[in-house]
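Here the structure comes first, spelled out in structure tokens, and everything after it is commentary.
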Amino acid sequence: MLKRVCFSLALGLFSLLTVSGSAQDQKDTLRVLFVGNSYTYFENLPQVVSVLSEQTGTVLITEKITIGGAKLSEHWRGARGLNTREKIRNGDYDIVVLQEWSLGTVNERDSAVYYLGLFSKLARETGAKPYYYLTWGREKVPQQQEPISRVYRETAALNVATVVPAGEAWARARELRPDFDLFNPDGTHPSELGTYLTACVFVVTITGELPGTIPGTVSIRDSRGEDVILMMIDPLDVEFCRNVALETIENKVAAEER
């Protein structure tokens, strides 16, 4: 009889610990759609964001609709085979990330503002929150950052959208480490380091977290269950990117509170 009681108690304790552990392992999830072009798909930004988010309390399940050089006006009109509006309406997303083409906010400001506004309204109508992917200037033209930032921030204020200040993080990284290789050799697209830093900014902006446990080796599992390595970042560069991302967001919050 005593053995049965002890066994029952042990089984009950094991069950309690199992349930407790399962509850701790459960995380919130958010479905995120990236709308953009090569600045989004170079080095697999959405997938890297998703992998890094696994270290936070909110896992980001990411998808993208992109085509090289696409403008938001083309996404809206359905040009070049894009079905972006339909995808937003039917995708049940929590967040829609909007990225204008690289110099859209510099050379075609009115168009950028107009279509950021249209897509923000559409996203909210479906229950999603609009986020603006604030990009960077060309490597040889760093002064482009100011107008890029201004247009995204002013338009975000008009449309109650959240800014993801990737370009400003890039500017800070270049200030601290001028040799930090953020750019692809073409001087405009992101390198692996550029995408990794951008992903860090996305994760901390959306989840509010960026743990010290984020991995430098970023891998995903393919349809056959095999691991595919997307990038391998030096641990010191991981820590640098993490610190720059956190500092950039802290500065953004402080500026908004002033």
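The values are calculated or read from the model by the stated rules, or taken from the named source; none is laboratory data. Note that the coordinates shown come from a computational prediction; the quantities given were computed from them, not determined experimentally. Because the Cβ atoms are built from the backbone with ideal geometry, glycine has one as well, and the counts that use them run over all protein chains shown. The accessibility values were calculated without ligands, DNA or RNA, using every heavy atom of the protein model including side chains. Shrake-Rupley method; radii C 1.70, N 1.55, O 1.52, S 1.80 Å.
What does the charge dipole of the range 70-226 about its Cα centre add up to, to the nearest 20 debye, if the Cβ of each Lys and Arg holds +1 and the Cβ of each Asp and Glu holds -1?
400 debye
All other residues with a Cβ under 14 Å from the Cβ of PHE183 taken together, and with Lys, Arg as +1 and Asp, Glu as -1, what is their net charge?
Result for the neighbourhood of PHE183: -2.
Share of the chain's accessible area from carbon and sulfur, percent, 1.4 Å?
Accessible surface attributable to carbon and sulfur in the chain totals 52 percent.
Would you mind getting the accessible area per residue of the chain, heavy atoms of the protein chains only, 1.4 Å probe, in Å²?
About 50 Å² of surface per residue is accessible.
Any idea how far apart SER223 and ALA255 come out in nm if each label point goes 7 Å out from Cα toward Cβ?
Spacing of the two 7 Å Cα→Cβ label points: 4.3 nm.
Please sort through the DSSP H helices of the chain and keep those with an alpha-carbon extent of at least 18 Å along the long axis and a Kyte-Doolittle average not below 0.5.
2-25, 192-207
For the chain, compute the number of Lys pairs whose alpha carbons are separated by less than 24 Å, excluding pairs fewer than 8 positions apart on the same chain.
Lysine pairs satisfying the spacing and distance rule in the chain number 14.
Could you work out the relative contact order of the range 182-258? I mean the mean sequence separation of Cα pairs under 8 Å and 6+ apart, divided by the number of residues, in percent.
Rounded, it is 27 percent for the range 182-258.
Assuming 0.36 nm per residue, please report the length gained on full extension of the stretch ARG31 to LEU176 beyond their Cα-Cα distance.
Length gained, ARG31 through LEU176: 48.8 nm.
Rg and Dmax of the range 72-120 over Cα atoms: what are they, in angstrom?
In order Rg, Dmax, the Cα atoms of the range 72-120 give 11.1, 33 Å.
If you restrict to DSSP beta bridges whose two residues both lie in the chain, what percentage is antiparallel, to the nearest 5?
Percentage antiparallel, nearest 5: 25.
Between GLU63 and ARG150, with labels modelled 7 Å along Cα→Cβ, what's the label distance in nm to one decimal, could you check?
With each label point 7 Å from Cα toward Cβ, the separation is 3.7 nm.
Quick one: compute the contact order of the chain, relative version, from alpha carbon pairs under 8 angstrom and 6+ residues apart, as a percent.
So the answer I get is 18 percent.
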